[in-house]
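One structure below.
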Amino acid sequence: MTYALKQTRRFARAYKKLHDNVALDVDTATGVIAADPRVGERKKGDLSNLLVYKFHSQNQLYLLGYTVDDALRLVYLEAVGPHENFYRDLKNS
């Protein structure tokens, strides 16, 4: 059974700015996460509640950060973007 997806404001703003080809790859990645939320890698330290799913698009590594609420069977899409400065930007917000 799949989990429902909910976008945060940060994710929605970043998604809106993506190129159409990258947005399609993000849509595919969200489908993978909805089917199995444990597919991502759990972070440590300040971002210990975050899971990150990595995928390639346009020959560049993209990261999709999300959190999971098992009680509600809900996945919160927190952030998406290229690997460069991804974690720093998440910590600063």
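The values are calculated or read from the model by the stated rules, or taken from the named source; none is laboratory data. Values in this document were obtained by computation on a predicted structure and should not be read as measured data. In this analysis, Cβ positions are derived from the backbone assuming ideal geometry, glycine residues included, and neighbour counts consider all displayed protein chains. Keep in mind that these areas ignore ligands, DNA and RNA; they rest on the heavy atoms of the full protein, side chains included. Shrake-Rupley method; radii C 1.70, N 1.55, O 1.52, S 1.80 Å.
Which of the residues spanning region 17-57 are over 20 Å from L74 (Cβ atoms) and of a type in the set (A, V, I, L, M, F, W, C)?
Those that are over 20 Å from L74 (Cβ atoms) and of a type in the set (A, V, I, L, M, F, W, C): L18, V22, A23, L24, F55.
For residues that are farther than 20 Å from Q60 by Cα and in contact (Cβ under 8 Å) with a residue 60 or more places away in the chain, tally how many sit in region 1-39.
8
Please find, within region 1-60, the residue that is most open to solvent (accessible area, probe 1.4 Å) out of those that are part of a strand (DSSP E or B) and hydrophobic (A, V, I, L, M, F, W, C).
L5
Cβ contacts < 8 Å: first residue of a type in the set (K, R), restricted to region 60-80; second residue open to solvent by 20 Å² or more (accessible area, probe 1.4 Å), any location; separation 6+ or different chain. Result?
R73/M1; R73/Y3; R73/A4
Conditions: (1) open to solvent by less than 20 Å² (accessible area, probe 1.4 Å); (2) under 22 Å from A4 (Cβ atoms); (3) without any contact (Cβ under 8 Å) to a residue 40 or more places away in the chain. F86 meets all but one. Number of the miss?
For F86, the exception is condition (2).
Does region 62-82 hold any residues that are over 15 Å from A14 (Cβ atoms) and assigned to a strand (DSSP E or B), and which are they?
Listed by number, the residues that qualify are T67, V68, D69, L74, V75.
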